[in-house]
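Participant: So that we are looking at the same thing, I have put the structure below in structure tokens.
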Amino acid sequence: MISSLATRVLVMCQGEQVEYGTAEQIFAAPGHDYTRMLLDSIPQIDDDLPADEVSL
């Protein structure tokens, strides 16, 4: 969502700036462990599963 709304992204952890860059840079190659953890927490949708096999 953020990557489609923002051109620049600032990632903060415990009140400290840990990463800053364009949305494209941050999403393509996150440089900080916390940023990678945040991106890994985004749910992924498997479009190949038939609707009756999707579990919520």
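Participant: Pairs only if they're at least six apart or on different chains, beta carbon under 7 angstrom, first in the stretch 28-43 and among the β-branched types (Val, Ile, Thr), second not in a loop (DSSP other than H, G, I, E, B); list them, first residue then second.
Facilitator: Thr35/Val11; Thr35/Val18; Thr35/Glu19; Thr35/Ile26
Participant: Condition check: modelled with pLDDT under 95, open to solvent by less than 80 Å² (accessible area, probe 1.4 Å) and of a type in the set (A, V, I, L, M). Does Leu56 satisfy that?
Facilitator: No, not satisfied.
Participant: Let me ask another. How many of the residues in the stretch 11-33 are in a helix (DSSP H, G or I) and either out of contact with any Asp or Glu (no Cβ under 8 Å at 6 or more places or on another chain) or surrounded by fewer than 14 Cβ atoms within 10 Å (Cβ to Cβ) (or both)?
Facilitator: 6
Participant: Within the stretch 34-53, which residues are at pLDDT 90 or above and open to solvent by 100 Å² or more (accessible area, probe 1.4 Å)?
Facilitator: Met37, Asp40
The values are calculated or read from the model by the stated rules, or taken from the named source; none is laboratory data. On a predicted model such as this, the values are computed, not experimentally measured, just so you know. Ideal geometry is used to build each Cβ from the backbone, glycine not excepted, and the neighbour counts take in all protein chains shown. Just so you know, the surface numbers come from the protein's heavy atoms only, side chains and all, with ligands and any DNA or RNA stripped out. Shrake-Rupley method; radii C 1.70, N 1.55, O 1.52, S 1.80 Å.
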